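One structure is given below, encoded as structure tokens.
The values are calculated or read from the model by the stated rules, or taken from the named source; none is laboratory data. Keep in mind that this is a model prediction, so the values were computed, not measured. Here the Cβ positions follow ideal geometry from the backbone for every residue, glycine too, while neighbour counts run over all protein chains shown. The area values use the complete protein model at the heavy-atom level, side chains included, leaving out ligands, DNA and RNA. Shrake-Rupley method; radii C 1.70, N 1.55, O 1.52, S 1.80 Å.
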Amino acid sequence: MEIWGATLYGDPCRDCGFTWSLTPREAVRAVQGLPSRFGGLLAGRTGYERHPDLAWTSAAYVSHVTDNLRNWAERLAGARLSGVVEVPGYDPDLAGQARHYNEIAPAAALWSLERAVDAWVDSATAALDSGVVLQHATRGAQRAEDVARNNAHDGHHHAWDVERILAADASE
């Protein structure tokens, strides 16, 4: 069984400081704030800034968070609307290669994030209200509240990555 969440990252996350004890509704609110957070980080920046230790640009992380939210929104909706609870894993690096994250216009990445967040909030809220439990291929049972926290962490963690990128860029 693949370890995930606080077990993998620590509580708080040893990298980004995310605290896993937030309620599922707080996790939803954290995700709702991602467009504003990433928009603020990229304001006045090109979006193509890089960090020597990271493969993606600052805006590419926005595209990754967007795809992750869309993916989980679909999975939660599939379980709630049709009873399909079995979900596979996916490789975010392959998704990034296929979608050419580093070449997506930063304004388009932010635009897409807003729409993905809206869909995710609708899907996650409905899944929380319905008590959805997914059966992940490598993680096992993933309750809607687990997904909400994991997705909130993903967004928070990658905003931290963008902060690192921008700090490295500013020091050059």
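For the stretch 26-41, give me each residue that is out of contact with any Leu (no Cβ under 8 Å at 6 or more places or on another chain) and either among the charged types (D, E, K, R) or not in a loop (DSSP other than H, G, I, E, B) (or both).
Hits for the stretch 26-41 are Glu26, Ala27, Arg29, Gln32, Ser36, Arg37, Gly40.
Consider the stretch 108-164. How many of its residues are of a type in the set (A, V, I, L, M, F, W, C) and within 15 Å of Pro35 (Cα to Cα)?
Number satisfying all stated conditions: 14.
Out of curiosity, is Glu114 within 25 Å of Arg45 (Cα to Cα), touching a residue at least 40 places away in the same chain (Cβ under 8 Å) and open to solvent by 10 Å² or more (accessible area, probe 1.4 Å)?
Yes, satisfied.
Pick from the stretch 7-25 the residues that are assigned to a helix (DSSP H, G or I) and in contact (Cβ under 8 Å) with a residue 60 or more places away in the chain: which of them is most open to solvent (accessible area, probe 1.4 Å)?
Arg25
Residues being open to solvent by less than 80 Å² (accessible area, probe 1.4 Å) and within 19 Å of Ala73 (Cβ to Cβ): count how many of those fall in the stretch 27-41.
The total comes to 9.
Restricting to the stretch 42-89, give me the number of residues that are assigned to a helix (DSSP H, G or I) and either open to solvent by 80 Å² or more (accessible area, probe 1.4 Å) or without any contact (Cβ under 8 Å) to a residue 24 or more places away in the chain (or both).
Selection size over the stretch 42-89: 7.
When the stretch 120-139 is examined, which residues are found to be open to solvent by less than 50 Å² (accessible area, probe 1.4 Å) and not in a loop (DSSP other than H, G, I, E, B)?
Those that are open to solvent by less than 50 Å² (accessible area, probe 1.4 Å) and not in a loop (DSSP other than H, G, I, E, B): Trp120, Val121, Ser123, Ala124, Thr125, Ala126, Ala127, Leu128, Leu134, His136.
May I ask you to verify whether Gln142 is open to solvent by less than 40 Å² (accessible area, probe 1.4 Å) and either modelled with pLDDT of 95 or more or hydroxyl-bearing (Ser, Thr, Tyr) (or both)?
So Gln142 fits the description; yes.
Looking at (1) more than 18 Å from the chain's Cα centre (by Cα); (2) touching a residue at least 40 places away in the same chain (Cβ under 8 Å), which is the only condition Gly131 fails?
It fails just one condition, (2).
Condition check: modelled with pLDDT under 95, at negative phi and assigned to a loop (DSSP other than H, G, I, E, B). Does Trp4 satisfy that?
Judged against the criteria, Trp4 is a match.
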